[in-house]
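Structure first, commentary second.
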Amino acid sequence: SLVFQAVFNLLIPDHAADAFSPPRLGPRGPWDALVERLLGGLGRWDAEHFLFIAERGYLLEHNCAFLPLFPLALRLLAGLLPWPVQLQPRSRLLLAAALLNALLSALAAAALLGLGRAVLRRPGQAFLAALLFSVSPAGIFMAAAYSESAFALLAFSAMWQLEKGRGCLGALLFSLAAGARANGLVNAGFVLYARAKRFALQLQVGSASLRELPLLWKRGLSLASSAALMCAGIFLPFALFQYYAYVRFCGAGTGLAQSVPEPLLQLARDKGYHVAGLGEPKPPWCSQRFPLVYSYIQDAYWNVGFLRYFELRQIPNFLLALPVTLLGSWAAWTYISTNPWHCLTLGLERSKSEERGKARDGFCGPAVFVYVVHSTALLVFGFFCMHVQVLTRFLGSSSPILYWFTAHLLQEHEPLLWSTGTDNPPSGKPLLGKSPSSRGRGNSDNPIVRLLLNWRSITPLSKGILGFFLGYWLLGLILHCNFLPWT
């Protein structure tokens, strides 16, 4: 990703987009120019906000739509790394973003692998899903100066810890995730569901005698109180940041304008941005009963709201989001049609097969229910209430379902993956992509590479899945890195 974005950024001229682009202040040396040429593609669109916040803090009101965890990490890393040459702050932050997200995206793939093994109970399917995450259609956002990689790592790790019964650690990681992206608040549902499922299990295995009722009430209250505390911890970073924004933009002027460079003040005047500490009239959200700067910015600056994006001129963006919308809907339908009773009982009633320890594994297993609900809720909300083109990265960094379901489809419908110990596909032609030492064992090759090397032999469904993943991965690098519209 880093190599391709540098090449495309050099070959294709940047589009003059109407996006946040703060003026470059201070003298730029030859090393700054080199960094900008090699890594400038990582600083486009919303990445400008993250880099600006990391350098100057929350100076402008609309920057508050981007939560502080990732900019803080960038600033910390840029300050700790030794720099052998003189670089401007933006250049150091770009380098820090490239290094940090390369590490975080790899760790997120590892966390998804561990989560998949725990939930799917099929190591091969979990491994295939982790490989698909590595070529995610939202890949450019995992590499650029965005918070997607950090959020994916924290969210997948938290889910994994919950599956291992480590509720407190899972809640802590969910809390950190909520400090990176606002949709991390939805993850509180995992904690609530885990506690509800635990209580339902106690009811099913416990005695129904009256003597047990006080004990069951005590257990229920204990689980409810612990769930409430964990959810409060998950909401705490978001709430603290809203309070910070209120103090910064709704309080009395602090004379901060004296330290703000004139080009930035001029940008604010031209674009109508509120600047912290200028003593200007308070923004409208300050007078609301619940002054939430995040929801105000989404409404006032980006016109985000229910059905607001349903316009004829937005048809290209709906087409851009069509593949992930179809995959998410297909995943929900497949799971519901396979497990209708399990879904009707919200996954809280154990089936006889579960009691015997013979429950279905893989994507359609009972443990996947809560993840399907989470993915479907994000899909519905994103489709009707957000800028629909962001659905690909919204789901790709938040839910494992996109990767689990595509891995499930490949394993169910692709003959080349049915028997990894077979050297020849059904066509009778030699199977490429396996070293001589791995043939006959079938567990040491890369199934994605194998499918690509045998492209002519694979099914149309496999071609469609791989085409979507790799096509969006490549198009994202070409378009996003040159300020062209993308997801």
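Given the criteria of a type in the set (F, W, Y) and not in a loop (DSSP other than H, G, I, E, B), does F20 qualify?
no
Residue check: is D14 open to solvent by 80 Å² or more (accessible area, probe 1.4 Å) and not in a helix (DSSP H, G or I)?
Against the criterion (open to solvent by 80 Å² or more (accessible area, probe 1.4 Å) and not in a helix (DSSP H, G or I)), D14 does not qualify.
Pairs please, first residue from segment 469-483 and of a type in the set (A, V, I, L, M, F, W, C), second anywhere and open to solvent by 50 Å² or more (accessible area, probe 1.4 Å) and in a helix (DSSP H, G or I), Cβ atoms under 8 Å, 6+ apart in sequence or on different chains.
Close Cβ pairs satisfying both conditions: L474/F4; L477/F4.
Can you name the number of the only condition in (1) touching a residue at least 24 places away in the same chain (Cβ under 8 Å); (2) within 25 Å of the chain's Cα centre (by Cα); (3) within 14 Å of I478 (Cβ to Cβ) that F20 fails?
Only one criterion is unmet by F20, namely (3).
Do you know which residues across segment 468-482 are of a type in the set (S, T, Y) and part of a loop (DSSP other than H, G, I, E, B)?
Across segment 468-482, there are no qualifying residues.
S157 fails exactly one of the following numbered conditions: (1) open to solvent by 60 Å² or more (accessible area, probe 1.4 Å); (2) within 24 Å of L67 (Cα to Cα). What is the number of that condition?
(1)
Count, please, the residues in segment 377-406 that happen to be of a type in the set (G, A, S) and assigned to a loop (DSSP other than H, G, I, E, B).
Count: 3.
How many of the residues making up segment 442-467 are in a helix (DSSP H, G or I) and either open to solvent by 20 Å² or more (accessible area, probe 1.4 Å) or of a type in the set (G, A, S) (or both)?
Total satisfying the criteria: 12.
Over 30 Å from Q125 (Cβ atoms) and surrounded by 16 or more Cβ atoms within 10 Å (Cβ to Cβ) - does that describe any residue in segment 342-362?
no
Consider Q288 against the criteria (1) open to solvent by 30 Å² or more (accessible area, probe 1.4 Å); (2) of a type in the set (S, T, N, Q); (3) within 22 Å of the chain's Cα centre (by Cα): it satisfies all of them except one. Which criterion is unmet?
Going through (1) open to solvent by 30 Å² or more (accessible area, probe 1.4 Å); (2) of a type in the set (S, T, N, Q); (3) within 22 Å of the chain's Cα centre (by Cα) one by one, Q288 breaks only (3).
Does at least one position in segment 27-38 carry a residue that is of a type outside the set (A, V, I, L, M), assigned to a loop (DSSP other than H, G, I, E, B) and open to solvent by 70 Å² or more (accessible area, probe 1.4 Å)?
yes
Check whether at least one residue in segment 291-308 is more than 25 Å from A178 (Cβ to Cβ) and open to solvent by less than 40 Å² (accessible area, probe 1.4 Å), and report yes or no.
No.
The values are calculated or read from the model by the stated rules, or taken from the named source; none is laboratory data. Predicted model, so just to flag it, every value in this text is computed and none were measured. Every residue, glycine among them, receives a Cβ derived from its backbone with ideal geometry; neighbour counts consider all protein chains shown. Ligands, DNA and RNA are stripped out before the accessible areas are found, and what is left, the full protein with its side chains, is counted by its heavy atoms. Shrake-Rupley method; radii C 1.70, N 1.55, O 1.52, S 1.80 Å.
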